[in-house]
Structure formats: structure tokens, C-alpha cells
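Engineer: Below is a structure I'd like to ask you about.
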Amino acid sequence: AAPVQVQLVVPMAVVFSTGSVPGDLPRPLPFRDVQEMEISVNLRTSVTSRYEMRYRSTMGQEEAALAAATAREADAALHPLQDTTLGSLTMYVVPETSSLLPQGINVYVGKHRSALVRAGGSLAALQARLREVAQVMSFSASSIAAALSDRVPDGRLGPDARRYLKSSLGYEITFSLLNPDPKSHTVDWDIEGAVNRYVKPVLDKLSLVANFSVDSQILYYAVLGVTPRYDKESSSFLLSAHSLPHVINPVEARLGSSAASLYPVLNFLLYVPERSHSPLYIQDKDGAPVSTNAFHSPRWGGIMVYNVEAPASPQASLPLHVDVDMARVMEVFLAQLRLLFGLSREEVPPEFLLESPGNEGLADWELDHLLWAHTVENIATVSTTLTSLAQLLDKIGNIVIKDDVASEVYRAVASVQSAVTELSLGHLHAAFQASKEAVTSSERAFFDPSLLHLLYFPDDQKFAIYIPLFLPMAVPILLSLAKIVRETRLRKKEPTKMD
Amino acid sequence: GGMAAAVLLLLLLAAAGPGPGRAEAGRERRDALREELLLTPLPTGDVAATFQFRTRWDADLQRGAVSHYRLFPKALGRLVAALGVRELHLALTQGFWRTRYWGQPPLQAPAGAELWVWFQPTVTDVDKAWKELSNILSGIFCASLNFIDSTNTVIPTASFKPLGLANGTDHHLLRYAVLPREVVCTENLTPWKKLLPCGSKAGLAVLLKAERLFHSSYHSQAVHIRPICRDASCLAVSWELRQTLTVVFDFFSSGQGKKDWSLFKMFSRTLTDTCPLASQSKVYVDISPKNKEKELLEVSPPPTSVHEAVVQGDKKTYAVYDLLSPSLFNTSRSLNVQLKWKRPQDSSEMPIPTLHAQRYVGGYGLQTGEICTLIYNTHPYRAFPVILLETVPWYLRLYVHTLTIITKGKENKPSYIHYQPAQDRTRPHLLEMLIQLPANSVTKITIQFERALLKWTEYPPDPNHGFYVGSSVLSALVPSVIAMKDMDVEQSPLFTSLFPSSDGSSYFVRLYTEPLLVNLPTPDFSMPYNVICLTCTVVAVCYGSFYNLLTRTFHVEEPSRGGLAKRLANVIRKLRGVPPL
């Protein structure tokens, strides 16, 4: 892959409240400090992270805010006082004995771009803790590696790294209700209300990252590709974990690709099993039933099985009317959506407490987390695209580059350079915008129909056409060469005979 | 795609807000599906089966806010909303409907692919939207619609009016294209079936077995999308998707010599199940008596009801099987409609349709030619006008001054002519004429053309096969023999309700003539290579002798060991085992 060198600069303010200042500060407050960290991806790709820390003590209003009773109240009160530019972090260091954080919790990450950190005695301990917080809130080696998963050698990637969606200018989210047995079940879902209530807030927040469109459909007679196994003990049907990969393919043929757009599609399927196969449960690898009865497929979407309760009386007339409990379904789908965007909250150290994002569905720092990863990924993508374009041009000497293609390439290079510069200045938003433009321009140049290599006549075929010329011409030359060889051999032999 | 790993999700997040209010049970359905099969025994003994599936959706697709689909296919709905489509008609056809012998079809389409689309007035760049639309449709239906470009697209001014609700008819919003070379097969049928809510799993669509449908003399599948009035007051718009499929089974190829038909003989399937989503599911069999005599056909099992209607100016009687009526499947588990002729039909009974047409290429040689169109009006006493639309590719250069229209030996002056000349490699010829057809007459329209020479890269594969010229289109309001009653569109069978009827005295007919196959002067494509080979050989031979002349050294040869005779003698002696001379 093409070389990529990026420096990610995170502006970080460390604010000490009274009584939390460690004793071993090298200088009196305020002062600045820089910490660098190398994230190794492969030989030609290097990502350096650089935390520009500004240490200072609290101001009056901040002190008042930190005097709040709970961490949540403090976070809300502190929000108007801090730097709200994308990518910046504010850490409030509270004394070791502060009652703001519950017992056993050392770090509280708020809804916005700030965290409350318990002072850890020495400055070194505090810095280690701050680094940990920064990795949760902005990016970590593993999130960068996942963003650059194409460049990371196979063995070194975590199992989750290939799960995240590739960065794109837009995504299409499709909710599909699969009803394989419309004779027995009439299924209704209030998808419109559910989308407005649960999905829209998240997507509004994510609209900074990409364009999203949401739609839904109901598919009848769409069956899973696997026949579930009947379990006598629980008198239910089971889908085991190893058969799940085979479930999707036959369904996907019915989903209908979105012919009208080029964006990747995220599919969320709600499957109401046939009457003859209900209830249906998904088993995990150990054979235990999955509590959500759902699974997800990396970079594709998620499937949830929704069992219909058997009617009280067996002679209840068919079809059964089913109203889907959308809160239950959307809870699962939203969790899967976060997972696919790499915003899962699983991998957080135990002494961390994360504030739930509430109605907005997404905390500010989670958005930053996504932007960091996507910016790096975009830069890497542009570099790869332009490199392979250059390789193509090297291969075909007489290819014609039109002016508009050339200008797209220049624009892509300029944008990607500006993205790298903005990153090294700590301007996350500007860097992301520039990287998006770079991707658009480079893709437009790369997929320009005039650059199709099949349009150009390969050189070997030109030679093939002239074989009728070269072949008869070569015959006398080869014959006379053979004759010369024979004669020189004879001449060499003759003197030995003379002796 | 192959989703390799599926990771179990064990995580639950309490991110979502409060639970939704329970959706009102028994919510009013805003979409409805009706399906229908019409079986028409044709005068020749063949049988035509016309399927219609109509999905009606009481929502305004154009507003863009609607993105939650139930019965309406999402792929088409998004297309309509994204590209500002007002009306879309796509037909893919294999074979030719022989109007003269088969009578007026309920729905005819030209051989190959036909696409005509009305766009919304809000669409600013219609050509771009048209290009994009044809590309997307080509992806959805696996057809070569992406070959639609400016060289085969025309803007008719009079022939194609919107079939649905329309405010204005500014024909600049209309695009029409025909690809006569398109071959229709299973790969086009499968995506078409996939658009049906029940797929081919239940209901009438069970009969759609590709193996049988393409073993027929005519196969035409179509998709029509149009806005319609939601109710009689017409204050709100509903969208209608009609999927139609017409197939004509040949009685000769069925090989039994008997003209008796049954669903099983035609489709090798029978009806066992209804689509639970359909609000109406009916099979109509045309059992109209010919010549007011006793009926010819016998159908079994006995139909649920009998429907009488005036269709295309003719009184028709239909035997109706309502699949949703519980009594139908009570007696037997499956429905296999059978048609038996009570007595043999004689050919004199064959009714001749009021309007039919014929077209052919005249002339000889590879330089000029003539397109002749014959239009027949067999109505005994009424004249009526017809609009003829002719699209001719640019490589046939029409001479408009040679256009002659002759009826009953006299020149017939068209009352309206719209002619748009072709431009080489960008635009086809478009000729639209309004011609009055006198009663009981044949009108002959001829126009001469010159064949253009193409550039060698412009020839398609197998250029000696010839070049197709799409069917010409005849649209007419044909006077009816019997007065028609105004019907409620929602109640009447689907096959009568696609074209709007203007008043009781006439009915709308659209006919397509045969596509033409024209030979163009075709160069010998191997010639450049032959020339290269020949010149190369000549050059190589010259080079060889020069080379030898320049590099060989010449010696004086010693006297030979005797002449040819002696050498021959020695060979023979060697064979005989005698020592040589």
C-alpha cells in the first residue's frame, strides 16, 4: 500500500480543582506539555498521536460547577464553560477523596467532551490515567488499526476490527420485516413512529459524519436459509451459532439492492418465524440461548428473531394479528447500529463510568471518536486510490488523461494534504471535511470511464498483428545465423586436424 | 454476498427512550393488491393468458417523505421518488402479437423492450433523469435498457398521453424509446416476479413457471406505474403499480392436435392457494359466443359467476372464478380450469379486428429502400382518425418528399404532421401523423430512405443479420359497435381499466406493427487484417531475397555427379538393392 504518515493532534485541557494538584508538578500552573505516542500499523503507514496538554487550575465558575452533588450535574454545569470544538478534550481533575465519583470509579466520562478524573497521587499516575481516558474518548491504537484494517497484517487484527463499516459519504439504513408465513401471521409494525422516536436522534447527530437515509419494507414469504433444529426439552426451535452465516444469503436476494444510490446499505431484519417453526431461539457458541434473540453480521447489518406468542386457545382463527413491540426491537437494532459504527461501549476499563447519551443517542465524544477513525481511513483510502491510479498510468504509456480527470487528481492531492495539515493542527472538523472532499475527488478520477484500461490496445496484440511480417523476415536471418555458427565451429575444428 | 462471520450480539443497551404507544389494532390498510388472470381462446385455436397484478398505494410517493413500504416494491418506489417520475411504462416482449388473426389484444407491446416515461414538471434536466432511469431499470430487470441513449430516444408529441392523473401534458417531459433487438428471457422474468408481494409462492403467480412461459409464441411482461385518483372526488393521489404479463400458447406446439386447454396443460401447474395479501384474486375466461349463436366453449369446473361487459367495442361474456370465495377450494384442493370446444370452429367465423396494420421494407439493392405501412379500417360505415408514430434510426435517411399516403387510389392528406429529422449519430427520425381512415379502406403509407454507411466501429456484432427498425405505433379511438356503459374503475376487471375510455361511443386502441429488419451495406471486417497479412508477406519475401543476395557468398560449382536421369536411376537401383552406377 501507499505510504501514509499522519500525525493526530488532540488539544487537551487538564483542569485541576483545588486540592487535586499533585505535589510533583515540574512547573507552577499553568503550563503546557506534549505527549507523543506512536501507533504502528505497518512499515509504510505510521500514525503518531500527539496530546497537547494545557495544565491549569480551575476558575471560579468551574469550581462552583464541580461543587455539584453528582457527576451528572457537574457535567451539565461544566458544559457551557469548555471548549466545544470537535476533537478537543477537557479533563477536570478532582481530589482523590472527592465524592463526585462513586466508590470504585476513577473516571467519569460525560455526555460532551469532558471527563472527571480522580487525581492519582503523582503526576505520572495521573498522566497514565489521562492517556487512558483520551484513548476512550478520541482514538486508541486498536480503533486506528480497525480504520486501517486493509493495511494491517492479518494476524494482528482483533476479531472485531473488520466488523466496522467502511467510511463512506453516506449510508442507507433499511429495516425489513420478514414475514415468511402471512397465512398465519398478520404482522404490523409502527416503523415510522419507531424511526422518528429512536433512530432519528442518533442519525441527526451522525449527520456530521455522513448522509443517512432510512427506509423500511415488509417482505412476505422470505425464509431463512437454514432449517432450525427442534429441541424437545424446551419444545422450541434452535438456530445454532455456526449455522448463522448461512441464514443471510437467501434472504438477501429478496432485500432488493438500492439501485438508486451508491452508498453502502445497512440492513436490519426483523424475522417473525413461521408458525411451524416457532418459537425460534438463537444459540450462542456455548449452546446457551441469546438473550436478545439477535445477531449481527459485520459490515452488513443485523437480524433479530421476533417470536409470536402462541394463541391462548388452539382454535384461534388464523391469521393471528401481531403488533410488534418496537421499543424492544429498536433497542437491539440501535445497539447493533452502534456496534457496526465501532461505538460499542463494551471495551471500557471497569473503573470508568460512561454517562448514557440520553435522548440524543450519541455522546459528543463518541462522534469525535468516529470522526478521528473516519478521517484517518479516508486519508488512507485516498492514498491507495491515487497510488493505484498512478500504477495504472505507468502500465499504459499512451493513456489519455482528460483535463477534468487531472483536475480531480490535483484537487484530491490538495485536499488530502490539507487534511493531514489540519490533523496536525488539531482541527478535527476541518480535517474530516477535507478528507471527505479528497475521497470524492479521487474516486471520481479513478472511476472516470475514460480511464478504463480495456479501452487501450495492449502492446502484445500489436505484435501479434505484425507476426506475418516478422516471421518470414526472421527465417533467413535465423538460417544465416545457424550457418555462421556451423561455419565457425568447422573453422575451429580444422586447425586441430592440421596438428 | 457471502457474509462469513456472524458475531453474536449479547449486548443490550438502554439507550432507547420510552416505549411506543401500542399501534392501533386493525389499522386501516393504505395499500391493496388485486390479481387477475384472463384466459382468452384465440380464433386460431391458440390461447392467450393475461396476468395482471395491481398494487395500489394511498400515499404520495413524490413527497419523498414516504419511505416505509409494505406491498409496493421498495426498489421501484425509490426510483419514482428519486427521479421525479410521473408515469412509467416498461414492456419487455418476445414475439409479435398478430392482431389480424388473434384480434385486439388487451395490452400489446412491441417486440423487444419499450420504455416510455413522463417526468414531473419539477425535473430540470429530463435527459439526465431519463438516462439515469434507464440505467437503473436495466439493473433491476436485467435488461439492456442501458443501451437507450439519444440515438433511439424520441419525444412524441401526440401518440403517448399520460394514462394516469396528469395536470399538464407538456410533451417535453416525455421520453420514449424502443430497443427492438432486446431478447427477453428468464433473467427478466425473475426480477419481475420478485416485485410481487407474494413472489411466486402463492396466488396466481404460482403459474408463472419460466419453462412454460417462454415455450410460447408470444410473451410480454410489463410494468406500469402511474398516479391515479384516490376516490371519485379525486382530491388525493394514489399510486398504482400494474404488473402485467401476456403469453400466447401455441396449440400446434402443444402437440396434441386438440384445441382443448387447461391450466395444467398451459402452465404445468394448477392453482392451490391464494395469496393472503390479495384483496381480490380472480380468473376470467372469455366464453363469449361468436355470431350470436350458441356458445362454443365449455368450461369446467363450473364458474363462481358470469360477468358480462363491453370490452373494446364488443360484448363479452366471462366465466369468473373467485379464488377468495371459500366455496371454490372446498370441493377440490386445486383449481384446474379446463376449456373444451363444443364443436370445431371454421375459419369463416374468424372476426377481423376493426383496426389492424402491416409493415414491410420494399426496394432492392443496398442503397435505397422503402418503408410501406398498410393500415386497415374494416369498420363497415365509420371513418376514424389514427395517429401513426414512426421512429427510424438515423442510418436510414428518410426522404420526406417521397412520403405518400394513398387510400382507395386517392391521396390522403394527413391533418397533422410532426417531423423531426435525424442527426447523424445523435438523434433518430421521428414522424408523427394524424391520418383519417375512411370506412372499409386500406391506407398505404410509403416513404423512401437511403442506407447510410457506418463507421466500422459502429457495427454491432453479426452485422449481416441486419439492423432492426422499431415497430411503429398506431393510436386510435376506434368507434364502438355497441355503446359502452361508464364503469366504476375500482369494480371492473383490471384488463378493462388501464386505458381510460373517453366516452361510450369509442374505445382506445394502441397497436404496434412488425419491427423491420433492414440490411445495411456491410464491409468485410477481416479486410484490414488481410491487407496487413498480404503486404507483410510481400515485404517479407522481398526482404528475404535481398537479404540472401547481400549476405550469400557465391562459388563456382563443381561439375555435378550426373544429371537428373542418373540420380533417379540410382534411387531405383538403391530400392532394388543393386549397387549404384
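Engineer: Criterion first (touching a helix residue (DSSP H, G or I) at 6+ places or on another chain (Cβ under 8 Å) and crowded, with 22+ Cβ neighbours inside 10 Å) does residue A:341 satisfy it? Break it down into steps so the answer makes sense when it comes.
Structural biologist: Values: touching a helix residue (DSSP H, G or I) at 6+ places or on another chain (Cβ under 8 Å): yes; crowded, with 22+ Cβ neighbours inside 10 Å: yes.
For residue A:341, the condition - touching a helix residue (DSSP H, G or I) at 6+ places or on another chain (Cβ under 8 Å) and crowded, with 22+ Cβ neighbours inside 10 Å - is met.
Engineer: If you take the residues of region A:186-221 that are at the interface with another protein chain (Cβ under 8 Å from one of its Cβ atoms) and assigned to a loop (DSSP other than H, G, I, E, B), which of them is surrounded by the most Cβ atoms within 10 Å (Cβ to Cβ)?
Structural biologist: For region A:186-221, the residue satisfying everything is A:189.
Engineer: Going through B:509, B:539 one at a time, which residue ends up being surrounded by 12 or more Cβ atoms within 10 Å (Cβ to Cβ) and either among the polar types (S, T, N, Q) or not in a helix (DSSP H, G or I) (or both)?
Structural biologist: B:509
Engineer: Would you tally the residues in region A:34-50 being free of Cβ contacts under 8 Å to residues at least 12 places away in the same chain and either surrounded by 15 or more Cβ atoms within 10 Å (Cβ to Cβ) or under 22 Å from residue A:126 (Cα atoms) (or both)?
Structural biologist: Counting residues in region A:34-50 that are free of Cβ contacts under 8 Å to residues at least 12 places away in the same chain and either surrounded by 15 or more Cβ atoms within 10 Å (Cβ to Cβ) or under 22 Å from residue A:126 (Cα atoms) (or both) gives 1.
Engineer: Let me ask something else. Those residues that are of a type outside the set (Lys, Arg) and within 17 Å of residue B:151 (Cβ to Cβ), I need them from region B:401-437; list them, please.
Structural biologist: Step one: list which residues in region B:401-437 are of a type outside the set (Lys, Arg), which gives B:401-407, B:409, B:411-412, B:414-424, B:426, B:428-437.
Result: B:420, B:421, B:422, B:423, B:424, B:426, B:428, B:429, B:430, B:431.
Engineer: Check A:41, A:21, A:94 and return the single one that is modelled with pLDDT under 90 and within 25 Å of residue A:145 (Cα to Cα).
Structural biologist: On the way: A:21 fails: within 25 Å of residue A:145 (Cα to Cα); A:94 fails: within 25 Å of residue A:145 (Cα to Cα).
Result of the check over A:41, A:21, A:94: A:41.
Engineer: Determine which member of the set A:430, A:474, A:414, A:434 is aliphatic (A, V, I, L, M), more than 30 Å from residue A:393 (Cα to Cα), without any contact (Cβ under 8 Å) to a residue 40 or more places away in the chain and in the same structural domain as residue A:371 (by the TED database).
Structural biologist: Of the residues listed, the single one that is aliphatic (A, V, I, L, M), more than 30 Å from residue A:393 (Cα to Cα), without any contact (Cβ under 8 Å) to a residue 40 or more places away in the chain and in the same structural domain as residue A:371 (by the TED database) is A:430.
Engineer: Next up: Return the total of residues in region A:87-118 being under 27 Å from residue A:374 (Cβ atoms) and among the charged types (D, E, K, R).
Structural biologist: 2
Engineer: Only one residue in B:175, B:230 is buried (at least 16 other Cβ atoms within 10 Å of the Cβ), more than 27 Å from residue B:474 (Cα to Cα) and either aromatic (Phe, Trp, Tyr) or in contact with a Ser or Thr (Cβ under 8 Å, 6 or more places away or on another chain) (or both), so which one is that?
Structural biologist: None of the other options fit; the residue is B:230.
Engineer: Name every residue in region A:227-267 that is within 24 Å of residue A:340 (Cα to Cα) and part of a loop (DSSP other than H, G, I, E, B), in order of residue number.
Structural biologist: Answer for region A:227-267, where residues must be within 24 Å of residue A:340 (Cα to Cα) and part of a loop (DSSP other than H, G, I, E, B): A:240, A:247, A:256, A:257, A:258, A:259, A:260, A:261, A:262, A:263, A:264.
Engineer: For residues that are surrounded by 11 or more Cβ atoms within 10 Å (Cβ to Cβ) and within 14 Å of chain A (Cβ to nearest Cβ), scanning just region B:546-581, find the one that is farthest from residue A:479 (Cα to Cα).
Structural biologist: So, considering only residues that are surrounded by 11 or more Cβ atoms within 10 Å (Cβ to Cβ) and within 14 Å of chain A (Cβ to nearest Cβ), the one farthest from residue A:479 (Cα to Cα) is B:546.
Engineer: Return the residue satisfying two criteria in turn: it lies in region B:276-291 and is out of contact with any Lys or Arg (no Cβ under 8 Å at 6 or more places or on another chain) and closer than 28 Å to residue B:56 by Cβ, and of such residues it is nearest to the other protein chains (Cβ to nearest Cβ).
Structural biologist: Among residues in region B:276-291 that are out of contact with any Lys or Arg (no Cβ under 8 Å at 6 or more places or on another chain) and closer than 28 Å to residue B:56 by Cβ, the one nearest to the other protein chains (Cβ to nearest Cβ) is B:277.
Engineer: Please identify the pairs in which a residue from region A:127-140 that is touching a residue at least 24 places away in the same chain (Cβ under 8 Å) has its Cβ atom under 8 Å from the Cβ atom of a residue that is buried (at least 22 other Cβ atoms within 10 Å of the Cβ) and of a type in the set (Lys, Arg), counting only partners at least 6 apart or on another chain.
Structural biologist: A:137/A:113
Engineer: Related question: Please determine whether any residue of region A:270-279 is within 11 Å of chain B (Cβ to nearest Cβ), buried (at least 17 other Cβ atoms within 10 Å of the Cβ) and aromatic (Phe, Trp, Tyr).
Structural biologist: For region A:270-279, residues within 11 Å of chain B (Cβ to nearest Cβ), buried (at least 17 other Cβ atoms within 10 Å of the Cβ) and aromatic (Phe, Trp, Tyr): absent.
Engineer: Scan region A:454-469 and give yes if some residue there is in contact with a Lys or Arg (Cβ under 8 Å, 6 or more places away or on another chain), surrounded by 12 or more Cβ atoms within 10 Å (Cβ to Cβ) and either within 14 Å of chain B (Cβ to nearest Cβ) or closer than 30 Å to residue A:373 by Cβ (or both), otherwise no.
Structural biologist: no
Engineer: Can you name every residue in region B:192-219 that is buried (at least 17 other Cβ atoms within 10 Å of the Cβ) and of a type in the set (A, V, I, L, M, F, W, C)?
Structural biologist: B:192, B:195, B:196, B:198, B:202, B:204, B:205, B:206, B:207, B:208, B:213 - these are the residues of region B:192-219 that are buried (at least 17 other Cβ atoms within 10 Å of the Cβ) and of a type in the set (A, V, I, L, M, F, W, C).
To keep it simple, each residue is scored yes or no on (1) away from every other protein chain (no Cβ under 14 Å); (2) surrounded by fewer than 18 Cβ atoms within 10 Å (Cβ to Cβ); (3) out of contact with any strand residue (DSSP E or B) (no Cβ under 6 Å at 6 or more places or on another chain).
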| residue | (1), (2), (3) |
| --- | --- |
| B:76 | no, no, yes |
| B:81 | no, no, yes |
| B:86 | yes, no, no |
| B:100 | yes, yes, no |
| B:112 | yes, no, no |
| B:117 | yes, no, no |
| B:122 | yes, yes, yes |
| B:138 | no, no, yes |
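Engineer: In addition: Would you point out which residue out of B:191, B:156 is modelled with pLDDT of 90 or more and assigned to a loop (DSSP other than H, G, I, E, B)?
Structural biologist: B:156
Engineer: For region A:224-247, check the following and say yes or no: at least one residue is within 26 Å of residue B:83 (Cβ to Cβ), facing another protein chain (nearest Cβ under 9 Å) and surrounded by fewer than 22 Cβ atoms within 10 Å (Cβ to Cβ). Break it down stepwise before answering.
Structural biologist: Of the residues in region A:224-247, the ones within 26 Å of residue B:83 (Cβ to Cβ) are none.
Scanning region A:224-247, I find no residue that is within 26 Å of residue B:83 (Cβ to Cβ), facing another protein chain (nearest Cβ under 9 Å) and surrounded by fewer than 22 Cβ atoms within 10 Å (Cβ to Cβ), so the answer is no.
Engineer: Restrict the check to region B:221-232 and report whether at least one residue is assigned to a loop (DSSP other than H, G, I, E, B) and out of contact with any Asp or Glu (no Cβ under 8 Å at 6 or more places or on another chain).
Structural biologist: There is at least one residue in region B:221-232 that is assigned to a loop (DSSP other than H, G, I, E, B) and out of contact with any Asp or Glu (no Cβ under 8 Å at 6 or more places or on another chain).
Engineer: In region B:406-433, what residues are buried (at least 17 other Cβ atoms within 10 Å of the Cβ) and in contact (Cβ under 8 Å) with a residue 40 or more places away in the chain?
Structural biologist: Selection gives B:418, B:427, B:428, B:430, B:431, B:432, B:433.
Engineer: Of B:238, B:150, B:220, which residue is small (Gly, Ala, Ser) and closer than 15 Å to residue B:87 by Cβ?
Structural biologist: Selected residue: B:238, the only one of B:238, B:150, B:220 that is small (Gly, Ala, Ser) and closer than 15 Å to residue B:87 by Cβ.
Engineer: Could you check, for region A:398-412, whether at least one of its residues is closer than 19 Å to residue A:165 by Cα and touching an Asp or Glu at 6+ places or on another chain (Cβ under 9 Å)?
Structural biologist: no
Engineer: Would you confirm whether or not region B:75-97 contains a residue that is assigned to a loop (DSSP other than H, G, I, E, B) and among the basic types (Lys, Arg)?
Structural biologist: no
The values are calculated or read from the model by the stated rules, or taken from the named source; none is laboratory data. Computed from a predicted structure; not experimentally measured. In this analysis, Cβ positions are derived from the backbone assuming ideal geometry, glycine residues included, and neighbour counts consider all displayed protein chains.
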